[in-house]
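A.B. asks: Before anything else, here's the structure in question.
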Amino acid sequence: MNKPSDAKPARTDGRRQRSVRTQQLIIDAYLLLLRESPQVPTAAAIARRAGYSVRSVFERFPDLHTLRVAATDHVMSQASQQAAGHPPKGSRAVRLKTHVETRGRVCEEWLPLWRALNANQGESAELKDRIRRVRELVIRRLETMYEPELSTLGPVERQQTVLAIEALIDFESWARMRDMFGLTYEEACALWVSAIDRLLPSTPSVS
Amino acid sequence: MSDASIKKPNRIDGRRLRSERTKQLIIEAYLALADAFSPRVPTAAEIAEKAGYSVRSVFERFPDIRALQIAAVDYAMAQVTALAPSGKLEGDRQVRLQSQVRARAEVCERWLSLWRSLIINQGDSMELKDRIRQARERYMARLEAIYRPELSTVSELERRQLLIALEALTDVESWARMRQYFDLSFEEACTAWLQAVDRLLPRDPASA
């Protein structure tokens, strides 16, 4: 191989890396702005916060809808990693605490994005699909965490219990505990732990 | 008194009545469209057309769409309070459970679209936020009254926790998910709530 062909991939890789980094900074700016204000951030505000021009934003994302979808995918992958860091191990009390505290942190951190997603879904099949996937992740997670207890139920009762826990640990339920009822993070977690504990059947004894 | 002074109040009353009726028709048009378009807020032109008035007539009664929204929310909430079933206060646990869950389910079924529109479009409006808070507080007060025998057996802190959990569990969006996302029938969704509320509530001393 001659020298120019060796150098080319390195240059391309460097450019691609910079482009990926720019894309990530734009997504981070969008998420930061959402946390600061419930208003949908404008392209100009996102560009200003990310330190790029509006043109740069639209070079990476053809429109704000695409940016919204990319930001949602980024957050979903982060939330999955957060959950994966807390595997379903231990006694009922330990699993309850682990599940609720992780879920509480996810709600605390990603509520603004969740609201933006719901407010902007309109006719977007992509955003509706993300909302559905987030709900599926939440359900899968709680089914894994409470499998010992749920395994003692018949299919109908199992589904009813899962639906009840899913409703209880919804983003907006967390928001009401914190904003409307003025609970601290710890008080809100304690409330969820106690309610899920009531909703779950007894833990089967290990034979 | 002269004839003129006798006639004047009647004329004013007639005009006021017509104006009130127009206002009411505009509110009803807004509610019908907000329900159909939820969560999109209908435009002034759409509301005027539906009500059978001009856009100018709409803005003569309501300075802006936000003011119309607030009036419509007040009217809808008064309707829920006056007309919707709210659950029995008397009877044993099962009777109260059945009646509360069914009453709540009917309210959710009827008002889901408008409630969703209200939640999504509240923005920074303190007036709308206040209405949402009032609706939730009224519902929680009702839950507290219906399940008083069970809630009276636990501490003040636990009672408050249970009420918050019950409110979250039987939220309008929780109903919507059961019906639209998990595809449960009205009866199946009621059964799911019945089972969950029953598990959440402490056993009352009489049945212990």
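A.B. asks: Might you let me know whether the stretch B:152-162 holds any residue that is over 26 Å from A:GLU186 (Cα atoms) and surrounded by fewer than 18 Cβ atoms within 10 Å (Cβ to Cβ)?
C.D. replies: No, there is no match, as no residue in the stretch B:152-162 is over 26 Å from A:GLU186 (Cα atoms) and surrounded by fewer than 18 Cβ atoms within 10 Å (Cβ to Cβ).
A.B. asks: For the stretch A:185-202, name all the residues that are of a type in the set (Asp, Glu) and either under 20 Å from A:GLN159 (Cβ atoms) or within 11 Å of chain B (Cβ to nearest Cβ) (or both).
C.D. replies: A:GLU187, A:ASP197
A.B. asks: Just checking, which of A:SER205, A:SER124 is more than 9 Å from chain B (Cβ to nearest Cβ), farther than 29 Å from B:ARG133 by Cα and surrounded by fewer than 15 Cβ atoms within 10 Å (Cβ to Cβ)?
C.D. replies: A:SER205 is the lone residue from the list that is more than 9 Å from chain B (Cβ to nearest Cβ), farther than 29 Å from B:ARG133 by Cα and surrounded by fewer than 15 Cβ atoms within 10 Å (Cβ to Cβ).
A.B. asks: Do the conditions hold for B:ILE164, that is, is it touching a Gly at 6+ places or on another chain (Cβ under 8 Å) and hydrophobic (A, V, I, L, M, F, W, C)?
C.D. replies: So B:ILE164 fails the test.
A.B. asks: Filter the stretch B:193-203 for residues that are assigned to a helix (DSSP H, G or I), over 22 Å from the mean Cα position of the chain (by Cα) and not acidic (Asp, Glu) and give the result.
C.D. replies: Correct list: B:GLN195, B:ALA196, B:ARG199, B:LEU200.
A.B. asks: While we're on this one: Test B:SER117 against the stated conditions and say whether it is at pLDDT 95 or above and more than 10 Å from chain A (Cβ to nearest Cβ).
C.D. replies: no
A.B. asks: Just a yes or no: is a residue in the stretch A:80-89 touching a Pro at 6+ places or on another chain (Cβ under 9 Å) and outside any loop (DSSP other than H, G, I, E, B)?
C.D. replies: no
A.B. asks: Moving to a separate point now. Inside the stretch A:1-35, can you point out the residues that are modelled with pLDDT of 80 or more and of a type in the set (A, V, I, L, M)?
C.D. replies: Hits for the stretch A:1-35 are A:VAL20, A:LEU25, A:ILE26, A:ILE27, A:ALA29, A:LEU31, A:LEU32, A:LEU33, A:LEU34.
A.B. asks: Are there any helices (runs of 4 or more DSSP H) wholly within the stretch B:75-172 with 3 or more residues that are free of Cβ contacts under 8 Å to residues at least 24 places away in the same chain, assigned by TED's automatic domain parsing to the domain that holds B:GLN195 and under 25 Å from A:PHE171 (Cβ atoms), and if so which?
C.D. replies: Once the helices (runs of 4 or more DSSP H) in the stretch B:75-172 are filtered for at least 3 residues that are free of Cβ contacts under 8 Å to residues at least 24 places away in the same chain, assigned by TED's automatic domain parsing to the domain that holds B:GLN195 and under 25 Å from A:PHE171 (Cβ atoms), what remains is B:126-146, B:156-169.
A.B. asks: With respect to the numbered conditions (1) of a type in the set (Gly, Ala, Ser); (2) within 13 Å of the chain's Cα centre (by Cα); (3) modelled with pLDDT under 85, which one is the sole condition not fulfilled by A:SER77?
C.D. replies: The failed condition is (3).
A.B. asks: Of everything in the stretch A:145-176, what is basic (Lys, Arg) and either in contact with a strand residue (DSSP E or B) (Cβ under 9 Å, 6 or more places away or on another chain) or at the interface with chain B (Cβ under 9 Å from one of its Cβ atoms) (or both)? Give them in sequence order.
C.D. replies: A:ARG176
A.B. asks: List the pairs whose first member sits in the stretch A:105-133 and is closer than 18 Å to A:SER173 by Cβ and at pLDDT 85 or above, whose second member is of a type in the set (S, T, N, Q) and assigned to a loop (DSSP other than H, G, I, E, B), and whose Cβ atoms are under 8 Å apart, counting only residues at least 6 apart or on separate chains?
C.D. replies: From residues that are closer than 18 Å to A:SER173 by Cβ and at pLDDT 85 or above, the pairs are A:ILE131/A:GLN121.
A.B. asks: Just to be sure before I move on: is B:TYR181 over 15 Å from A:LEU199 (Cβ atoms), crowded, with 22+ Cβ neighbours inside 10 Å, assigned by TED's automatic domain parsing to the domain that holds B:ASP92 and of a type in the set (Ser, Thr, Tyr) in the structure I sent?
C.D. replies: No, not satisfied.
A.B. asks: Condition test on B:GLU173, is it facing chain A (nearest Cβ under 8 Å), within 23 Å of the chain's Cα centre (by Cα) and farther than 13 Å from B:VAL101 by Cα?
C.D. replies: yes
A.B. asks: Please go through (1) without any contact (Cβ under 8 Å) to a residue 40 or more places away in the chain; (2) more than 8 Å from every other protein chain (Cβ to nearest Cβ); (3) on the phi < 0 side of the Ramachandran plot for A:GLY182 and return the number of the only condition it doesn't satisfy.
C.D. replies: (3)
A.B. asks: Another one. Looking for something crowded, with 16+ Cβ neighbours inside 10 Å and more than 20 Å from A:TRP114 (Cβ to Cβ) - is there at least one such residue anywhere in the stretch A:64-74?
C.D. replies: no
The values are calculated or read from the model by the stated rules, or taken from the named source; none is laboratory data. The structure presented is a predicted model; accordingly, all values stated were derived computationally and were not measured. Cβ sites come from the backbone with ideal geometry, for glycine too, and all protein chains shown count toward neighbours.
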